[in-house]
Every structure is written in structure tokens, then in C-alpha cells.
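The values are calculated or read from the model by the stated rules, or taken from the named source; none is laboratory data. This one's a predicted model, so the numbers in the text were calculated from it and none came from an experiment. Heads up, the Cβs are rebuilt from the backbone with ideal geometry, glycines too, and the neighbour counts pull from every protein chain shown.
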Amino acid sequence: MPKKKKTVYVCQECGYDAPKWLGRCPGCGAWNTMVEEFIQPETKEGGLRLGLSDAARPVPINEVKVEDLPRFLTGSAELDRVLGGGVIPGSMVLIVGDPGVGKSSLTLKVCANVANAGRKVLYVTGEESTRQVRMRADRLEAIADDLLVVSETNLETIETHIKNTKPDLLVIDSIQTIFKPDVQSAPGSVSQVRECSVELLRIAKTSGIAAFVVGHVTKDGTLAGPRVLEHIVDTVLYFEGERNAEYRVLRAVKNRFGSTNELGLFEMRDCGLIDVPDASKLFLSDREQDSGTVIVPTVEGTRPLLVEIQALVAQTPYVPPRRTADSVDIKRIQLLLAVLEKRVHLSIGACDVYIKVAGSIKIDEPAADLGLCVAMASSFANRRLLPKTIVFGEVGLSGEVRAVSQADIRIREAAKLGFHHVVLPKKNYEQLKGSVQGIRLFGAENIGDALKLAMPRQ
């Protein structure tokens with residue numbers, strides 16, 4: 001009598017497993033996400049086998065031979081920036097984003113660019129037919145002789161295609177559609193995604209093939225499938241931006257071969273995603289600054305970016321008052337409101353507060369604290385800032401304005417775009433006074449000083 005196969009119930013959101021079905025996952029709290037999967041028999045080695053062993057014994061690190069793997073460019077300056085200067089052969093890059101954000105369009109365009117540069121590319125799609133890919137390639141002008149396309153979901157067949165074509169770049173669109181025949185679960189399940197990703201990583205590392213893997217996200221914006229996928233790949237890139245928005249942001253949350261602070265900006269057009277090299281001009285309004293509007297210089301990696309923060313503070317008869325923030329952490333807004341009310345004595349706590357960042361660029365660095373405070377105070381008092389003024393600095397709980405890094409880069413970017421005044425922390429002012437030409441600096445020790453300098457009484 002054949003032995004009965006053991007099963008386990010696995011959450012498709014977080015990968016939590018349980019011996020019986022549960023309505024709510026104890027790991028992530030999601031409802032109706034537990035799916036029955038067969039338990040694979042363990043090998044003698046156990047665990048996930050990548051097949052990457054390259055030494056019979058431990059050796060001193062200074063005796064390890066280093067091969068300088070030359071990067072190759074993707075044809076997109078913004079993508080190359082986020083990757084750290086290009087693609088490294090043998091690396092595996094995971095591109096994640098909402099449906100319709102532009103993942104497939106970007107990867108197909110990159111495939112054509114790399115193929116036109118003299119490298120062989122294999123594009124594997126599990127969501128479209130080859131005819132559909134060709135129609136999209138015509139629209140994107142992504143046609144190249146060395147760009148090979150195949151519609152396949154069986155991993156064993158894909159591996160055969162890789163051995164026959166020997167590509168320099170492999171694209172899998174998407175990992176949730178690929179299945180391994182010996183794994184007895186549906187495509188897109190935790191087990192399938194994990195096993196297929198490990199096998200693709202092994203192929204990329206052992207063959208020296210650069211691999212781009214497209215992944216989907218859940219409704220809360222996280223990667224669909226097991227979190228181990230983010231751990232095994234070399235680079236994780238997240239697309240940010242609404243489907244109907246004009247601009248897209250590509251941000252690296254993990255990069256073994258470069259910085260995770262870099263930011264790539266794209267504009268969605270009829271011909272696909274287009275690089276945006278000078279984004280500051282696009283995110284700044286041509287009109288004169290109104291009350292509640294502040295320009296804040298942020299730095300993402302090596303790129304300075306000027307963004308417009310808009311605040312609307314209005315009296316309300318309702319209790320509790322509303323707090324709404326777009327692209328800014330709402331808890332941060334609540335903290336800064338408490339500082340304004342306690343340290344500057346603004347009766348702003350009983351008002352509705354709405355915050356919006358132009359272009360939907362997410363701001364999470366502390367240097368934007370002072371700009372947020374000035375924007376809310378400006379809207380509350382209905383007073384405009386000095387013309388052509390930027391504001392930046394970190395705000396502490398006692399109301400002090402703390403110094404931030406890369407202040408000189410922020411100021412030079414503002415001067416290049418025609419700004420005349422800068423309100424910045426006192427410590428940064430002491431370091432930079434006299435070294436910057438064509439722009440006037442105002443140093444603030446606390447938030448009260450900053451408000452007086454940014455909005456002087458006429």
C-alpha cells in the first residue's frame with residue numbers, strides 16, 4: 001500500500017505553515033490565505049540546495065581569488081543608477097510592483113537595449129503569448145535580432161531553453177506563473193515560488209547569466225509569496241506610483257552590489273517608461289508659492305531632489321480632527337503637530353490637517369521635518385514664505401533643529417534651479433556660511449526661529 005503523502009497548510013501571504021486549516025493566519029493576520037500543500041521529502045543534505053559550493057575546505061579570505069566581473073549597461077540611465085552602475089553577470093534581480101505600474105514594459109525595453117548592444121537575451125513570459133509580446137514590443141520600439149521570446153511556465157523546459165540559447169540576460173515574467181513539476185502545489189504558491197527561485201538562482205550563478213525576475217505584490221504593497229525570495233536574490237527593486245499617475249519611482253530596498261539609497265525616476269508615456277534625468281524641475285510648480293507650500297530638498301543616494309510639500313490646515317467642528325498624509329508617514333505628522341503645539345504654542349491640534357507631496361514621491365528622511373512643520377504653520381497662519389525659499393532640517397521633540405547630512409548638495413541643487421533663500425539648521429549654517437555663492441542662508445536653532453526666518457513679518 002503506497003504511503004500517504006503528508007500535507008501542510010501554508011499562508012500564501014507570509015509563508016506561515018500549520019498542520020491544519022486556519023481561517024486566520026497567526027503569522028500575518030490575513031483571512032482565508034491558508035492553502036494545503038504537499039510536504040516535499042527532505043534530501044540527505046536537507047534545506048534549500050543552491051549548488052554553489054566552490055571550495056573543499058575553509059580558506060583565508062585574503063587567498064580567495066577575485067574576478068572583476070564587468071557590468072553591462074541596460075540602456076536606461078535611471079535603472080543603471082539604481083543597480084549601482086549596470087548589471088553584473090551571474091546576479092539575480094527581483095523587480096516588484098503593482099499591476100500596470102510598468103514592470104513588463106521596462107524589462108522588455110531593457111531586453112531590446114541589451115540585445116542591440118550585442119548580447120543575447122531570453123525573455124520568458126508566463127502571462128502572455130509570444131504574439132502579445134510582439135505587439136507590445138512594436139509599441140515600445142523594442143525589436144532586436146538577439147532578443148529571443150518564449151511563452152513557457154514549466155521550469156524544466158525553461159532550463160532546456162537556457163542551455164540551448166546560452167543568453168547573457170534572462171528575464172522571467174513573472175515568477176508567480178512558473179512551476180516545477182515535482183513540486184505538488186499550484187503555480188504561485190509559497191512552495192512553487194521558493195523552489196523555482198532557488199533553481200533559477202543556481203542557474204544564474206553557475207552559468208554567469210544575469211537574471212531579471214518580475215514579481216507581484218499583495219494588496220498591502222509587499223511581495224506576494226515567501227519572504228525568502230527577497231533574501232536569496234542579489235537585488236530587490238520596488239516600483240512605486242499609482243497606475244494612473246504620470247511618474248514612477250524605482251527604489252532599491254536591497255542591493256549586494258551597490259547602494260540601497262538610489263532612486264530611479266520614470267515617466268509613463270505611450271511608448272513606455274522614459275527616463276527622467278532632471279526630476280526637480282518636474283516636481284516644482286511654476287506658480288508662486290502659496291501659504292502651506294514649502295520646497296524641501298531631499299537626497300536619495302547621490303541624487304538631490306527638490307519636492308513640493310503642500311499642507312492644508314483647516315478648522316473643524318468634528319472630534320477627533322482628521323489627519324491625512326500622502327507619501328508621508330502619518331505618525332510623523334502627528335509627532336510634528338505635537339511639537340508645534342507644545343513648543344511654538346500653535347493651537348493646531350483641533351484642526352484638520354492634510355499633507356500632500358507633489359509627484360507622490362515618498363519622503364522618509366528626517367531632513368524633511370522642518371519643511372513639514374513650516375508648511376503646516378504657514379497654512380494655519382495663512383502666511384506665505386519668502387519667495388524662492390527652501391527649508392530643511394531635522395526637528396527634535398524639544399523643538400530644536402538638528403543638522404542633517406549632505407547640506408551642501410541640497411543647497412547647490414536649489415541654487416541651480418534659481419532659489420534665493422535657504423532656512424537650515426544652525427550647525428549646517430556655521431559649516432557652510434561664506435562657501436556658497438548666489439544664495440542666502442538663514443540658520444535656525446529651534447523651530448520658532450525657523451518660522452520667523454521663513455515667514456518674516458512684513
Quiz item: Taking the stretch 231-244 only, how many residues are modelled with pLDDT of 85 or more and not β-branched (V, I, T)?
Solution: 4
Quiz item: surrounded by fewer than 17 Cβ atoms within 10 Å (Cβ to Cβ), within 20 Å of I333 (Cα to Cα) and in contact (Cβ under 8 Å) with a residue 40 or more places away in the chain: does that describe S405?
Solution: no
Practice problem: Kindly indicate whether G301 is more than 22 Å from A450 (Cβ to Cβ), assigned by TED's automatic domain parsing to the domain that holds G84, touching a residue at least 24 places away in the same chain (Cβ under 8 Å) and of a type in the set (G, A, S). | Solution: no
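Please work out if S285 is more than 20 Å from G85 (Cβ to Cβ) and either surrounded by fewer than 21 Cβ atoms within 10 Å (Cβ to Cβ) or at pLDDT 80 or above (or both).
Values: more than 20 Å from G85 (Cβ to Cβ): yes; either surrounded by fewer than 21 Cβ atoms within 10 Å (Cβ to Cβ) or at pLDDT 80 or above (or both): yes.
Taking the combined requirement at face value, the residue satisfies it.
Return the total of residues in the stretch 288-329 being among the polar types (S, T, N, Q), at pLDDT 80 or above and crowded, with 17+ Cβ neighbours inside 10 Å.
Just the residues of the stretch 288-329 that are among the polar types (S, T, N, Q), to begin with: 289, 291, 293, 298, 302, 310, 315-316, 324, 327.
From what's left, at pLDDT 80 or above: 291, 293, 298, 310, 315-316, 324, 327.
Then drop every residue that is not crowded, with 17+ Cβ neighbours inside 10 Å, which leaves 291, 293, 298, 310, 327.
Residues flagged as among the polar types (S, T, N, Q), at pLDDT 80 or above and crowded, with 17+ Cβ neighbours inside 10 Å within the stretch 288-329 amount to 5.
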Exercise. Could you please let me know if I158 is in a helix (DSSP H, G or I) and within 19 Å of E128 (Cα to Cα)?
Key: yes
Practice problem: For G443, indicate whether it is small (G, A, S) and either outside the structural domain of K331 (by TED's automatic domain parsing) or at pLDDT below 95 (or both). | Solution: no
Practice problem: Grab the helices (runs of 4 or more DSSP H) fully contained in the stretch 64-155, keeping just those with 3 or more residues being surrounded by 24 or more Cβ atoms within 10 Å (Cβ to Cβ). | Solution: 77-83, 103-116
Practice problem: Report, by residue number, each residue of the stretch 166-189 that is surrounded by 15 or more Cβ atoms within 10 Å (Cβ to Cβ) and closer than 25 Å to A115 by Cα. | Solution: P167, D168, L169, L170, V171, I172, D173, S174, I175, T177, I178
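Hand me the list of strands (runs of 3 or more DSSP E) wholly inside the stretch 239-346 holding 1 or more residues that are more than 22 Å from V395 (Cα to Cα). Steps first, please.
On the way: elements: 247-255, 263-269, 272-275, 293-300, 303-315, 323-325.
Passing ranges, in order: 247-255, 263-269, 272-275, 303-315.
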Quiz item: Out of all the residues in the stretch 417-449, which are exposed (fewer than 15 other Cβ atoms within 10 Å of the Cβ) and within 16 Å of P297 (Cα to Cα)?
Solution: G418, H420, R440
